[in-house]
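Read the structure below first, then the notes.
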Amino acid sequence: MFYRLFILLIVIFTFTACHVVKGTARGVSTVAKVGWKTARVTAKVAEKTGKLAYNSGKAASRAVRTAVYIVKGKQIVPIERVGNSLYVKAQLGRNKVPVQLLIDTGASQTKISAATAKKLKIRLDRAEKVPVQLANGQIVSARGVVIPVVRLKGVRVVNVAALVLEKEVLGNSDGLLGMSFLNHFVFQIDIDKPELLLQQKAK
């Protein structure tokens, strides 16, 4: 009787162990597949991240340091309203070329005309070509440059990223003042007065 019970226990144990081993093997196989897929996805992410870091590194190496100067931490700059457009008088470059710029808070970059760039003696043949989409959807060619100085009344920003539009799409305007300048300040536009308030950002 004891012998039969012993044999039965061995059979049950063997049967259970086989299923456990099979189940474990399947689990290990599944984990291995998940691990392989995860590794493959991680590799792709790492590859893309590496490329982004490389491109960012190249861009950073070409970047120049921007410096901001503002009198008394706050300046009120008079602006001119023409219809729905707002213009501000500025001086560009170290030779203080007088210009009138359209204020455009929707533009990430400040833009100037080719004629203005010529007055600033900016070498466009050395500047990188950049495709730019206009408000009407048209794609035009531009040149990425750095304006040495942009002055507005008691405000001065050194090394402002800008685009020079090769095609005369700015009309009679010298250019537009975008966020590459405005983003250095806490700013407010009062269209009733009209005026532009520029305040130094808290450090």
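For the condition among the β-branched types (Val, Ile, Thr) and more than 29 Å from residue 201 (Cα to Cα), what is the one hit in 77, 88, 140, 97?
Values: 77 fails: more than 29 Å from residue 201 (Cα to Cα); 88 fails: more than 29 Å from residue 201 (Cα to Cα); 97 fails: more than 29 Å from residue 201 (Cα to Cα).
Exactly one residue qualifies, and that residue is 140.
Do you know which residues across the stretch 159-203 are assigned to a loop (DSSP other than H, G, I, E, B) and out of contact with any Leu (no Cβ under 8 Å at 6 or more places or on another chain)? Steps first, please.
Initially, the stretch 159-203 is screened for residues assigned to a loop (DSSP other than H, G, I, E, B), giving 166-174, 178, 183-184, 191-194, 201-203.
Selection gives 167, 168, 171, 172, 178, 183, 184, 192, 193, 201, 202, 203.
For the stretch 152-178, how many residues meet the condition of being within 25 Å of residue 125 (Cα to Cα) and either of a type outside the set (Gly, Ala, Ser) or outside the structural domain of residue 104 (by TED's automatic domain parsing) (or both)?
From the stretch 152-178, those within 25 Å of residue 125 (Cα to Cα) are 157-178; that's our starting set.
Next cut, either of a type outside the set (Gly, Ala, Ser) or outside the structural domain of residue 104 (by TED's automatic domain parsing) (or both) only: 157-160, 163-170, 172, 174, 176-177.
Matching residues across the stretch 152-178 total 16.
Please find, within the stretch 173-186, the residue that is nearest to residue 76 (Cα to Cα) out of those that are of a type in the set (A, V, I, L, M) and in contact (Cβ under 8 Å) with a residue 60 or more places away in the chain. First the steps, then the outcome.
Looking only at the stretch 173-186, we keep the residues that are of a type in the set (A, V, I, L, M), and these are 176-177, 179, 182, 186.
Going one step further and asking which of them are in contact (Cβ under 8 Å) with a residue 60 or more places away in the chain, we end up with 176-177, 179, 182.
Values: 176: 19, 177: 16, 179: 18, 182: 13 Å.
Top of the filtered list is 182.
If you scan the stretch 116-132, which residues turn out to be outside any loop (DSSP other than H, G, I, E, B) and either touching a residue at least 40 places away in the same chain (Cβ under 8 Å) or in contact with a Cys (Cβ under 6 Å, 6 or more places away or on another chain) (or both)? If you could, list the steps in order and put the result at the bottom.
Initially, the stretch 116-132 is screened for residues outside any loop (DSSP other than H, G, I, E, B), giving 116-119, 124-126, 128-132.
Matches in the stretch 116-132: 116, 117, 124.
From the set of residues in the stretch 120-143 that are touching a Gly at 6+ places or on another chain (Cβ under 8 Å) and surrounded by 13 or more Cβ atoms within 10 Å (Cβ to Cβ), which is farthest from residue 191 (Cα to Cα)?
Looking at the filtered set, the residue picked out is 127.
For every residue, the table says whether it meets (1) under 25 Å from residue 133 (Cβ atoms); (2) at pLDDT 90 or above.
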| position | (1), (2) |
| --- | --- |
| 55 | yes, no |
| 58 | yes, no |
| 65 | no, no |
| 74 | no, yes |
| 86 | yes, yes |
| 95 | no, yes |
| 100 | yes, yes |
| 104 | yes, yes |
| 111 | yes, yes |
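Take the residues of the stretch 132-145 that are modelled with pLDDT under 90 and of a type outside the set (A, V, I, L, M, F, W, C): which is nearest to residue 64 (Cα to Cα)? Before you say what the answer is, go through the steps one by one.
Taking the stretch 132-145 as the starting set, the residues that turn out to be modelled with pLDDT under 90 are 132-141.
Now drop any that are not of a type outside the set (A, V, I, L, M, F, W, C), which leaves 133, 136-138, 141.
On the way: 133: 25, 136: 32, 137: 31, 138: 30, 141: 23 Å.
Per the stated criteria, the residue is 141.
Considering every residue within the stretch 187-194, establish whether at least one is touching a residue at least 40 places away in the same chain (Cβ under 8 Å) and under 18 Å from the mean Cα position of the chain (by Cα).
no
The values are calculated or read from the model by the stated rules, or taken from the named source; none is laboratory data. Because the structure is a prediction, the values reported are computed rather than measured. Please note: Cβ atoms are built from the backbone with ideal geometry, for glycine as well, and neighbour counts cover all protein chains shown.
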